Each structure stands twice: as structure tokens, then as C-alpha cells.
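Peer 1: Here it is: the structure, laid out below.
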């Protein structure tokens, strides 16, 4: 393919074009990865090339057919493989198991994420954490703030609380729109994810925890009691009983509570789903 594939708006493509940033991310990936990297949305391969040059084996998932053809040709003699697929529909374990050469047990996930799939990718990293060692991921700054927010912050909520049970997540550095082609209208943030080997939550409690967060944060302006009485199938009596058992003040708001408090509340959560 002689010409570079163009960015497609429908795939949310904004290609990273800062050589300094590419070097910085590839160097960090080399420090964190156990040889194998899963790159989400490699675009034209600027970061891919740097990762390969760092001695890493790159498995990429790209939804854009033209880019897949271009990248297969560009890296045909490298330690590189690519799947033409939607990352949200691909199992990480299948990518690890379907490759010919010996691989690590887990991927370091790297990518400049399209903004429209940020939250589903976060959910996927949680769901498929057994095959993920960590991640170096670019998000819209507002999403990164939600992932790393502390209690009491307006950005604190279910997304960061749930992901934080399984990963230590930190904001690394920001990127202005001019670092991308075409330039987006927002600032991006590169985040670092370290997988927790001792997650706070056992798998059997995950759905209750998700439901608990959804109900408690249903209306951020409401007190914990009001959200619970509207969200629990048993209404006001069930809300009072749960708060008493958990020894929580119903006048508090969800954004003021530590993650561990939601963990404790989820263990007491009634089996019935909210109305």
C-alpha cells in the first residue's frame, strides 16, 4: 500500500504523532512487559514500530481493514501479529493461545484508545484480568480523572472504584491535542495500570458489587438512603435495614465513601436485583 491509510472518524481515530511521546511510552512498556504486548488500535504503527524496536513481541487488534493490510505489510518481517477485529469482541486468552511461538502468560496492554470505547475497554480489562499483567493506556483526560479520583472528588464514582479493586491506576502525563493527527478537541492522559495480585473482591461478589455501586451512585445529589430506598426491591424498609447492618449513616453521599465501604456494603447486599 503506497499511501498511508487515512484516519476514519467513524472509528474515532486520532493517530499519535509525537516522537518524544512514542519513545517515552515504548520505553515504559519495555520496563513493564514480560516480552508480550497487546496493542489496541495500532493505527499506522508509529508506536508499534517503537515497541518492536524495544525487543517486544506485539500482538495488535485493529478494526480498520485498510490499516490491517498496511500493518501486515509494514511489519511482515517483525515479531508482530495482527487480528482484524473489534477489541470488545476478542478474548485476550484466545490471542495468547492462538499464537505459534511460546508466549508469556499475560499481556501488557498498550493503546491510544478511541474515546467512544474507553469505558467498555476498562470493563474488559477487569473481566479478562487473568491474562493482563498491566497496561499503558491513553484516555480522554476526563475519563482518566474518573479512573484515578479519590473519595470526595466530583470525578469519584463507579468506574474508578470498580477498576481500582483489581488494578493500581495512576495518571502518568497529559497530551495536548497537537500531539495527534488529526488533532482531537480534548486533552488526553496516559495512565499506568498495575494488576493487583491480591484484589479486594472475590469473583463471587463481583455482580453484587457492580449493582451496589450503580444504586448508590444513581443520583449523586441524593443521600445514600434515598438512592437505596429507590434502588432496592424492598424500598425504604430494606434501605434502613441494610444501612443499619452496615453501620452506615444514610445521610452520607456515595462520593464521600471509601472503596472499602462499598466492599463491605456489597457483602451484605440482598440477593434480589434492584427494580
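The values are calculated or read from the model by the stated rules, or taken from the named source; none is laboratory data. Source: prediction; values computed, not measured. Quick reminder, even Gly has a Cβ in these numbers, built from the backbone with ideal geometry, and neighbours come from all protein chains shown.
Peer 1: One residue is enough: does region 218-225 have a residue meeting the conditions outside the structural domain of residue 162 (by TED's automatic domain parsing), touching a helix residue (DSSP H, G or I) at 6+ places or on another chain (Cβ under 7 Å) and closer than 16 Å to residue 271 by Cβ? It would help to see each step written out before you state the result.
Peer 2: Initial filter on region 218-225 (outside the structural domain of residue 162 (by TED's automatic domain parsing)): 218-225.
The next check asks that each one be touching a helix residue (DSSP H, G or I) at 6+ places or on another chain (Cβ under 7 Å); those that pass are 218-220, 224-225.
Then drop every residue that is not closer than 16 Å to residue 271 by Cβ, which leaves none.
Checked region 218-225: no residue is outside the structural domain of residue 162 (by TED's automatic domain parsing), touching a helix residue (DSSP H, G or I) at 6+ places or on another chain (Cβ under 7 Å) and closer than 16 Å to residue 271 by Cβ.
Peer 1: Given (1) in contact with a helix residue (DSSP H, G or I) (Cβ under 7 Å, 6 or more places away or on another chain); (2) in contact (Cβ under 8 Å) with a residue 24 or more places away in the chain, where does residue 246 come up short, assuming only one miss?
Peer 2: The one condition residue 246 does not meet is (2).
Peer 1: Then there's this: Give me a count of the residues in region 243-263 that are under 28 Å from the mean Cα position of the chain (by Cα) and surrounded by fewer than 15 Cβ atoms within 10 Å (Cβ to Cβ). Quick ask: steps written out before the conclusion?
Peer 2: The first filter runs over region 243-263 and keeps only residues under 28 Å from the mean Cα position of the chain (by Cα), leaving 253-263.
Right, trim to surrounded by fewer than 15 Cβ atoms within 10 Å (Cβ to Cβ) and you get 256, 258, 260.
Residues in region 243-263 being under 28 Å from the mean Cα position of the chain (by Cα) and surrounded by fewer than 15 Cβ atoms within 10 Å (Cβ to Cβ): 3 in total.
Peer 1: Let me ask another. Kindly provide the set of residues from region 215-242 that are within 30 Å of the chain's Cα centre (by Cα) and loosely packed, with under 15 Cβ neighbours inside 10 Å, ordered by number.
Peer 2: Scanning region 215-242 gives 219, 220, 221.
Peer 1: The conditions are (1) in a helix (DSSP H, G or I); (2) under 26 Å from the mean Cα position of the chain (by Cα); (3) surrounded by fewer than 16 Cβ atoms within 10 Å (Cβ to Cβ), and residue 211 fails exactly one of them. Which is it?
Peer 2: (3)
Peer 1: Report, by residue number, each residue of region 142-177 that is surrounded by 13 or more Cβ atoms within 10 Å (Cβ to Cβ), over 22 Å from residue 28 (Cα atoms) and touching a residue at least 60 places away in the same chain (Cβ under 8 Å).
Peer 2: If the condition is that a residue be surrounded by 13 or more Cβ atoms within 10 Å (Cβ to Cβ), over 22 Å from residue 28 (Cα atoms) and touching a residue at least 60 places away in the same chain (Cβ under 8 Å), then 151, 153, 156, 157, 161, 165 are the ones that fit.
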